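As C-alpha cells, the structure follows; a few thoughts come after it.
Derivation of every value follows stated rules applied to the coordinates shown; laboratory data play no part. For clarity, every value in this text was computed on a predicted model and none was experimentally measured. Every residue, glycine as well, gets a Cβ built from its backbone with ideal geometry; the counts of neighbours run over all protein chains shown.
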Amino acid sequence: MTYQISKLRPFGTMIEAQNESSNIQDIKIEILRRLFQKSQLILLRGFNTFKNSDHFSKYCEQWGEVSLWPFGKVLDLVEQKNAKDHIFDNSYVPLHWDGMYRPQIPEYQFFHCVKAPKPQHGGRTTFSNTILALNNISKAWKDHWKKVVGVYQREMEFYNSKVASPIITKHPLRNFFVIRYNEPHLKNKGHLINTPHLKFSGVKLEEVDLFHQSLNKALYNAENFYAHQWQDGDVVIADNFSLLHGREKFKSGSSRHLRRVQVLSHPPYNNPGLETYK
C-alpha cells in the first residue's frame, strides 16, 4: 500500500502518502466515499496532486456535479488588496455552511492548499462537527435550540440573498439531525468586512445572548471542533451537510493560497430555506 490511514482528533481521517511517487488518483473514490461517510472529513497529505485549477476541478468532477459560480468551478481563496468581502481579506471567518445563500447546497467541499502560510502566521481552516455537538449537549439545550430559526441576508459580488433555516434540522440524505447556523460576528476577533444581517426568531430578546453563548460553547468544544493547519499540497474533503466551517485570522501578506471546489449531492439538494436570490 502506498498510503497510510489514521484518525484525526476529534474527528476526521488522514491519509498520508508513503512515498514520493504516490498520486492522489491512486486512491479509489469508493474508498474515500466510505471514509467520508464515517468521519465527515478527509485529509490527503503528501500526495502528488494537481498541476492547476483545471486539473483540480476535473478530479472533483469524478465525485459528482460541480457547483458552478459566476467565476467558474474553482474559487481561489487568497488575500486581495482592498478586499470588498471578508473571504478575500485576512480576517477570521465565522462558522457557517456553504451554499446557504444559493439555490443548491453542495454536499462536498474540496480544498487544495496551493501554498500554506507559516504556522505562526495563522489562517487555519476551522470545522465544527454538528453531529457530535448534538450528541454531546444536554436535551434541555437541544430542546431550546429546536425552537429557534435563523434568518440570514447577505449581499456580495456573487449574490444578494435571504435565507431562513431552523438551528436544528434533518440531514438532507441521512437519518439524523445537524445544526445550521451562521454565527454572529465576534467583535473580539477583530474587524470583519461586509458582515451578513442576522436575525433569530423563537428566542426571547433577553435570552438571545445566552442562546449564542450556548451554541458557541458547543460548536467550539474540543470534542467537536477541528482546526486544520495547512501544509503545501494538502487536500481536504469536508461534509458540508454535517459540518460548519470558518477560518482563523492570518497575517496580512502571508503566502496562504487555497483553492475550493463545491460538489453537489446526487440528486442535487435544493436549498429549502432560500427566500430571495439575485
Any pair with Cβ under 7 angstrom, 6 or more apart, that starts in segment 21-40 at a residue that is hydroxyl-bearing (Ser, Thr, Tyr) and ends at one that is surrounded by fewer than 17 Cβ atoms within 10 Å (Cβ to Cβ): Ser22/Thr2; Ser22/Asn48
Options Asn182, Asn175: the member that is surrounded by fewer than 13 Cβ atoms within 10 Å (Cβ to Cβ) and part of a loop (DSSP other than H, G, I, E, B): Asn175
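If I filter segment 1-47 down to residues being among the small types (Gly, Ala, Ser) and assigned to a loop (DSSP other than H, G, I, E, B), which single residue comes out as surrounded by the most Cβ atoms within 10 Å (Cβ to Cβ)? Lay out the reasoning, then the answer.
Applying the first criterion (among the small types (Gly, Ala, Ser)) to segment 1-47 yields 6, 12, 17, 21-22, 39, 46.
Within this subset, residues satisfying the condition of being assigned to a loop (DSSP other than H, G, I, E, B) are 12, 21-22, 46.
Values: Gly12: 25, Ser21: 10, Ser22: 19, Gly46: 19.
My answer is Gly12.
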Failed criterion for Lys162 (all others in (1) over 27 Å from Lys249 (Cβ atoms); (2) charged (D, E, K, R); (3) surrounded by fewer than 18 Cβ atoms within 10 Å (Cβ to Cβ); (4) in contact (Cβ under 8 Å) with a residue 60 or more places away in the chain hold): (3)
Matching residues in segment 3-45 - criterion: being among the acidic types (Asp, Glu) and out of contact with any strand residue (DSSP E or B) (no Cβ under 6 Å at 6 or more places or on another chain): Glu20, Asp26, Glu30
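Can you confirm whether segment 116-125 contains a residue that is part of a loop (DSSP other than H, G, I, E, B) and farther than 26 Å from Ser252 by Cβ?
So the first thing to find is which residues in segment 116-125 are part of a loop (DSSP other than H, G, I, E, B), and the list is 116-118, 123-124.
Next cut, farther than 26 Å from Ser252 by Cβ only: none.
No, because not a single residue in segment 116-125 is part of a loop (DSSP other than H, G, I, E, B) and farther than 26 Å from Ser252 by Cβ.
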Unmet criterion (only one of (1) within 30 Å of Ser53 (Cβ to Cβ); (2) in contact (Cβ under 8 Å) with a residue 40 or more places away in the chain) for Gly72: (2)
Breaking point among (1) farther than 30 Å from Ser252 by Cα; (2) surrounded by 14 or more Cβ atoms within 10 Å (Cβ to Cβ), for Arg102: (1)
Single residue of Gln231, Gln262 found to be in contact (Cβ under 8 Å) with a residue 60 or more places away in the chain, in a loop (DSSP other than H, G, I, E, B) and either acidic (Asp, Glu) or on the phi < 0 side of the Ramachandran plot (or both): Gln231
Tally, over segment 63-84, of residues that are within 16 Å of Ile105 (Cβ to Cβ) and aromatic (Phe, Trp, Tyr): 2
